[in-house]
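Working notes, beginning with the structure itself.
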Amino acid sequence: MNLQQLRYIHEVARQGLNISAAAAALFTSQPGVSKQIRQLEEELGILIFTRQGKRLVAVTEPGREVLTIAARMLGELDNLRQVGAELGNESAGRLSIATTHTQARYVLPRVIHAFIERYPQVGLSLQQGNPPQVCELVRSGAADLVIATESVGDYTELVSLPCYEWNHCIIAPLDHPALRSRPLALEDIARWPIVTYDSAFTGRNQINRAFQGRGLEPRVVLTALDADVIKTYVRMGLGIGIVARMAYDPEMDTGLGMLDAGHLFDSNVTHLGLRRNAWLRGYTYDFIELFAPHLTRRAIALAMRPGGSDYAI
């Protein structure tokens with residue numbers, strides 16, 4: 001048994017049992033992958049995969065156990081590399097952050113600016129996507145941490161750390177009648193065409209639930225993946241917008257007015273996710289604390305340990 005064989009079965013499972021795709025991802029040949037899998041099965045005395053001809057069609061019951069152990073061992077191997085890198089140089093390296101547009105555009109700039117001033121030799125990478133996509137980047141090891149409002153807690157492979165609460169607001173052109181509603185009610189919003197987030201994004205579930213709870217059917221004419229696109233169409237007069245409160249800046253969003261809607265929709269919590277048992281560089285702890293000051297190194301260590309309880313804000 002060797003680490004190469006564990007990498008092969010792990011990648012085959014990750015590629016949906018497609019040996020060709022696994023071989024391409026590992027920069028090796030399909031026959032070589034098949035041979036190594038067979039040799040590992042012979043050594044263990046079990047079948048890891050069920051086959052139909054030359055195709056793999058399922059993972060066996062003992063195979064699931066083997067894949068779980070292999071994933072853990074490969075993760076620990078990555079941790080060993082990280083330990084060596086940190087002991088060698090604690091102020092240089094790379095940090096990859098997977099996040100949504102709202103976080104990257106409106107929340108992270110000040111954090112990243114402060115981090116780069118503190119760690120000029122650390123290369124930062126921002127990878128954006130919808131919540132399931134960015135969570136998957138961390139789960140697979142393609143990113144170090146994820147910041148998102150939805151989905152982080154859905155992945156058992158990730159430790160989910162709550163960072164801060166936020167609410168929605170409505171935006172509209174300055175002369176729009178909706179901005180004169182005092183106090184703002186859901187009925188006032190439902191009178192107008194609405195431009196808001198896609199169903200997978202930025203607290204959309206809270207928006208839907210609020211209208212449903214009042215028996216209202218909002219007329220959503222357009223959904224988008226980020227607030228900047230929503231603002232564009234609101235300026236065009238397509239409808240009033242419902243966006244994250246953090247996405248409105250009176251200095252930059254000229255021509256648009258805002259009313260807070262925190263009393264109408266449930267608050268949302270942005271979470272930070274890390275792979276369980278991951279080894280974190282010292283500067284990763286510092287980045288997290290810059291983003292969420294209550295997430296100290298000790299708090300993170302307590303949450304990351306086996307059986308650690310979820311941290312609550």
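The values are calculated or read from the model by the stated rules, or taken from the named source; none is laboratory data. Worth saying up front: this structure is predicted, and the values here are computed from it rather than measured. Positions of Cβ are backbone-derived with ideal geometry, glycine not excepted, and every protein chain shown enters the neighbour counts. Ligands, DNA and RNA are stripped out before the accessible areas are found, and what is left, the full protein with its side chains, is counted by its heavy atoms. Shrake-Rupley method; radii C 1.70, N 1.55, O 1.52, S 1.80 Å.
Structural remarks
- GNM result for the chain, Cα springs below 10 Å: residue of L56, L302, L145 fluctuating most strongly: L56
- S125 contributes an accessible area of around 40 Å² to the protein surface, as traced by a 1.4 Å probe with all chains present.
- Cβ-defined net charge surrounding T232, 13 Å radius [Lys, Arg +1; Asp, Glu -1]: -1
- Model label sites at R105 and A24, defined 7 Å from Cα along the beta-carbon direction, differ in position by 3.3 nm.
- The range 1-53: Cα Rg divided by the 2.2 N^0.38 Å rule of thumb: 1.02
- Relative contact order for the range 62-205, counting Cα pairs under 8 Å that sit 6 or more residues apart, in percent: 21
- Counting only alpha carbon atoms, the long axis of helix 204-213 and the longest principal axis of the chain meet at about 50°.
- Annotation for the range 1-106: trypsin sites (Lys or Arg not before Pro) lying in DSSP loop with at most 15 further Cβ atoms inside 10 Å of their Cβ are K54.
- Legend: translational diffusion of the chain by Stokes-Einstein, Rh = Kirkwood radius over C-alpha pairs, 10 °C, 1.306 mPa s; D = 71 µm²/s.
- Share of carbon and sulfur in the accessible heavy-atom surface of the chain [1.4 Å probe, %]: 51
- Most mobile of D249, D286, D266 in a GNM of the chain (Cα contacts under 10 Å): D249
- The chain, relative contact order in percent, only Cα pairs under 8 angstrom and at least six apart counted: 20
- Based on protein heavy atoms only, the chain ends up with 50 Å² per residue of surface accessible to a 1.4 Å probe.
- At an R0 of 45 angstrom, the distance between the Cβ atoms of N208 and Q4 translates into a FRET efficiency of 0.40.
- Of N277, N208, N18, the one that fluctuates the most in a GNM where the chain has Cα springs shorter than 10 Å: N18
- Equivalent ellipsoid dimensions for the range 149-248 as semi-axes, Å, which come from the Cα gyration tensor, largest first: 26, 15, 13
- Computed FRET value (nearest 0.05) for R235 with E117, which takes r as the C-beta separation and R₀ as 41 Å: 0.75
- Over the chain: helical MRE at 222 nm, DSSP H runs n ≥ 4 each giving -39500 (n - 2.57), nearest 500: -12000 deg cm²/dmol
- Restricting the calculation to Cα atoms, every distinct pair contributes to the Kirkwood radius of the range 57-186, found to be 18.3 Å.
- Cα-only Debye scattering, the range 180-237: base-10 log of I(q)/I(0) at q = 0.24 Å⁻¹: -1.09
- With the alpha-carbon atoms of the range 206-313 aligned to their principal axes, the span from lowest to highest coordinate is 50, 35, 22 Å, starting with the largest.
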